[in-house]
Amino acid sequence: MRARPHAGAVPQPALDRMVPFAGHAVVVGVVPGGDPLVVRTAAAWADAAGSRLVAAYADASRAVVEEHPDGSVTHAPLDPDSADDAWQGTAERLRAEVGAELAGARVPWELRYLAGRPDRALTHLARAVDAAVIVVGSRAPGSLAHVRELVEGSVAVHLAHHQHRPVLTVPLAVVDWKEIRTPWER
């Protein structure tokens, strides 16, 4: 038997909190120059569910000033002395990249430019658009990405532990089981 959370506790996943897949948005986390497999996988899910795709990028160099009910945010640079319009170029690049990946797709889509921590930004957006699922890519290959994940943590893991929607993680690099060595096998 599951223990009941105490009053004021964080809402937990439950059958009555599930969002049906049919007709509900699919939120996909995107990054500039990201692997097209992530967007295409999310689009396939959205198409199968007869829903729309909401692509979202969370710019960690910007801070949320205000969260809006539709999932959009008003944001500002973390550094008040930096140029405030550089983010617009990133947004246009992402719009072009996602548009190119979805050319010919039957799925309606939009791009949301968010700010702050990706896990929190995607959670807020998914709640606002009543998404059925959040799709993200696994860690990019390379040692720098590995170090960054060790320091900041995995976006997919943070999402899985801090909100109730299913998280679909698209593998971007696979390591052969034979290559994985435990410390005592080295």
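The values are calculated or read from the model by the stated rules, or taken from the named source; none is laboratory data. Source: prediction; values computed, not measured. Note that each Cβ is placed from the backbone with ideal geometry, even for glycine, and that neighbours are counted across all protein chains shown. Only protein heavy atoms, including side chains, enter the accessible area calculation; ligands, DNA and RNA are left aside. Shrake-Rupley method; radii C 1.70, N 1.55, O 1.52, S 1.80 Å.
Within the bounds of segment 9-24, is there any residue that is open to solvent by less than 60 Å² (accessible area, probe 1.4 Å) and either more than 24 Å from residue 133 (Cα to Cα) or modelled with pLDDT of 90 or more (or both)? Walk me through how you get there before you give the answer.
Taking segment 9-24 and keeping what is open to solvent by less than 60 Å² (accessible area, probe 1.4 Å), we get 9, 14, 19, 23-24.
After this cut, where a residue has to be either more than 24 Å from residue 133 (Cα to Cα) or modelled with pLDDT of 90 or more (or both) as well, the list is 24.
Yes; the residues of segment 9-24 include at least one that is open to solvent by less than 60 Å² (accessible area, probe 1.4 Å) and either more than 24 Å from residue 133 (Cα to Cα) or modelled with pLDDT of 90 or more (or both).
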Members of segment 25-66 that are open to solvent by 40 Å² or more (accessible area, probe 1.4 Å), in a helix (DSSP H, G or I) and of a type outside the set (A, V, I, L, M): 36, 40, 45, 47
Just one of (1) small (Gly, Ala, Ser); (2) in a helix (DSSP H, G or I); (3) surrounded by 12 or more Cβ atoms within 10 Å (Cβ to Cβ) trips up residue 89, so point out which. (3)
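Count, please, the residues in segment 32-66 that happen to be free of Cβ contacts under 8 Å to residues at least 60 places away in the same chain and either within 12 Å of residue 113 (Cβ to Cβ) or not hydrophobic (A, V, I, L, M, F, W, C) (or both). Outline the logic, then answer.
Initial filter on segment 32-66 (free of Cβ contacts under 8 Å to residues at least 60 places away in the same chain): 44, 48, 50, 52-53, 55, 57, 59-66.
If we keep only those that are either within 12 Å of residue 113 (Cβ to Cβ) or not hydrophobic (A, V, I, L, M, F, W, C) (or both) as well, we get 50, 52, 55, 57, 59, 61-62, 64, 66.
The number of residues fulfilling the criteria is 9.
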Out of (1) within 27 Å of residue 17 (Cα to Cα); (2) at pLDDT below 90; (3) over 14 Å from the mean Cα position of the chain (by Cα), the odd one out for residue 47 is which? (2)
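Just to be sure I understand, how many residues within segment 99-135 are among the aromatic types (Phe, Trp, Tyr) and in a loop (DSSP other than H, G, I, E, B)?
Our first condition is that a residue be among the aromatic types (Phe, Trp, Tyr); within segment 99-135, this holds for 109, 113.
Imposing the further condition that a residue be in a loop (DSSP other than H, G, I, E, B) reduces the set to none.
Count: 0.
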All conditions in (1) within 29 Å of residue 21 (Cα to Cα); (2) open to solvent by 80 Å² or more (accessible area, probe 1.4 Å); (3) at pLDDT below 85 are true of residue 154 except (2)
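For residues that are buried (at least 16 other Cβ atoms within 10 Å of the Cβ) and not β-branched (Val, Ile, Thr), scanning just segment 130-148, find the one that is modelled with the lowest pLDDT.
Restricting attention to segment 130-148, the residues satisfying the condition of being buried (at least 16 other Cβ atoms within 10 Å of the Cβ) are 131-140.
Next cut, not β-branched (Val, Ile, Thr) only: 131-132, 137-140.
Numbers: 131: 94, 132: 92, 137: 89, 138: 85, 139: 69, 140: 61.
For segment 130-148, the residue satisfying everything is 140.
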